[in-house]
Amino acid sequence: MHLSNEENIKIDKYLELMVKKNEVMNLTAITDEKEMKVKHVEDSLTVLEILDELKPKSLVDVGTGAGLPGMIIKITRPEIEVLLIDSLNKRIKFLDEVIYELELKGISTMHARAEEAARKNADSNEREKFDVAISRAVARLNTLLEYNLPFVKLGGHMIAMKGPGADEEIGEAKKALEVLGGKLEKVKNLNLSNGDERNIVLIKKIKPTPQKYPRTGNKPKTNPL
């Protein structure tokens, strides 16, 4: 995918900040520049084609970690309003530094557990507010649906970025899809330039998510639907 000179400069600066911060906290296991370009940047860019089809105005990156894919999406699609959510405050502070250093607009961060931020009584009131909720390498799909679908507006979408084995995860997520108001729209299968398999799972929200979801107390992970 062709990136502009400005986009490349911002991405390189972001990776540089990540490597530097990684010396004092665990942000990424990958620090080789070439490997980061493939496994972090190229991987994040795989969702742009679908985003260009959906044309969302707002997107939440749930369990963003070091800011992937949300930060790359913001740099390459600046018109999308982006919220980065993570449960570890150290990561959020790093992302705030990146936003400041790159002078990015229309992007914010939130220190919260997904299952708390998406509840109706949460102070933030982020429930059913976003056109797209996205996650990369956070949890198995049946758990991820409970984290992400409550953030999505009716008629909006959830994107799950997966490696090999996506079909198996989709199979075990049938009940979660039905209960939480989602419908599988498509799965885009591709390979990164290093040969790694990727599957982008696109889910449409066709019904409101019942108020009791997401459950708190780590139940989406320990007792998935």
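Here are the numbers:
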read-out: Condition met for ASP52 (farther than 30 Å from PRO150 by Cβ and at pLDDT 95 or above); value: no
read-out: Looking only at the stretch 32-70, and only at residues there that are outside any helix (DSSP H, G or I) and open to solvent by 70 Å² or more (accessible area, probe 1.4 Å), the one that is nearest to LYS153 (Cα to Cα); value: LYS57
read-out: Near pairs, Cβ below 7 angstrom, 6+ apart or cross-chain, from the stretch 80-100 (within 28 Å of LEU54 (Cα to Cα)) to any residue that is among the charged types (D, E, K, R) and open to solvent by 10 Å² or more (accessible area, probe 1.4 Å); value: ILE80/LYS57; GLU81/LYS57; SER87/ARG113
read-out: Tally of residues being small (Gly, Ala, Ser) and either free of Cβ contacts under 8 Å to residues at least 60 places away in the same chain or surrounded by 12 or more Cβ atoms within 10 Å (Cβ to Cβ) (or both) across the stretch 184-214; value: 1
read-out: Pairs where the first residue, in the stretch 150-164, is open to solvent by 10 Å² or more (accessible area, probe 1.4 Å) and the second is hydroxyl-bearing (Ser, Thr, Tyr), C-beta under 8 Å, 6+ apart; value: MET161/THR46; MET161/SER135
read-out: Residue check for VAL132: in contact (Cβ under 8 Å) with a residue 12 or more places away in the chain and within 19 Å of GLU79 (Cα to Cα); value: yes
read-out: Filtered residue count, the stretch 92-137, keeping only those that are outside any helix (DSSP H, G or I), open to solvent by 30 Å² or more (accessible area, probe 1.4 Å) and over 15 Å from LEU59 (Cβ atoms); value: 10
read-out: Filtered residues of the stretch 2-30 (kept if assigned to a loop (DSSP other than H, G, I, E, B), of a type in the set (Val, Ile, Thr) and open to solvent by less than 70 Å² (accessible area, probe 1.4 Å)); value: THR28, ILE30
read-out: Within the stretch 17-49, considering residues that are acidic (Asp, Glu) and modelled with pLDDT under 95, the one nearest to the chain's Cα centre (by Cα); value: GLU35
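The values are calculated or read from the model by the stated rules, or taken from the named source; none is laboratory data. Quick caveat: nothing in here was measured; it's all calculated off a predicted structure. Backbone-built Cβ (ideal geometry, glycine too); neighbour counts: all protein chains shown. Areas reflect the complete protein model, heavy atoms only, side chains present, ligands, DNA and RNA absent. Shrake-Rupley method; radii C 1.70, N 1.55, O 1.52, S 1.80 Å.
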